[in-house]
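*Asks:* The structure follows.
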Amino acid sequence: MTRNTDGLKNSARLRSESAMQRALVALQRMEASDREINFRAVAAEAGVSTAWLYGQEELRVRILRSRTTAGRAAPGTDSPPDRQRLSKQNIVATLRLRIKTLEEKNRELTSLLELAYGQLTVAHDSIKSARRLHVNDVPTRSATEKSLANYR
């Protein structure tokens, strides 16, 4: 029995061509924007695996060439002090964002706590008044029992 695999072959060829096109476009975008070019960055930008990139001879050579020329073209643009400064700026920005979100959450929880305290006060007052009504409605209790009930 022979199987018709033409559809599978066409599908695989189209997926491969699409991946190749996405990788080439991603590489061109990265070169134009002077971003760091390496296999992981290109794979993430193109939505393909690094293993697939390594398997494509044309792309592998082009990425390696772009990686080496990018390193030689601008040797002082990303020096260690600049990296440290950028890293510190990123940390500060992240911490500021975290502080902002924690302050918002703190405000929200404070308002909820105030609301809960208010509800507890209302519930306590209604229980207190119900006890008073109940104590005053019972005629068989002595005055001492009534005064003790009021202290509860």
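Values quoted throughout were computed directly from the atomic coordinates according to the rules given, and no laboratory measurement underlies them. No experiment lies behind these values; they were computed from the predicted model shown. Every residue, glycine as well, gets a Cβ built from its backbone with ideal geometry; the counts of neighbours run over all protein chains shown.
*Asks:* Using the per-residue mean of other Cβ atoms lying within 10 Å as a proxy for protection, in what order, highest first, do the peptides 110-117, 57-64, 42-49 fall?
*Replies:* Numbers: 110-117: 10.0, 57-64: 14.5, 42-49: 17.1.
Per-residue mean Cβ counts within 10 Å order the peptides as 42-49, 57-64, 110-117.
*Asks:* The range 1-31: which trypsin sites (Lys or Arg not before Pro) are DSSP loop and have at most 10 other beta-carbon atoms within 10 angstrom? Please report the intermediate quantities before stating the final value.
*Replies:* Numbers: sites: 3, 9, 13, 15, 22, 29; in loops: 3.
Within the range 1-31, the qualifying trypsin sites (Lys or Arg not before Pro) (loop, at most 10 other Cβ atoms within 10 Å) are 3.
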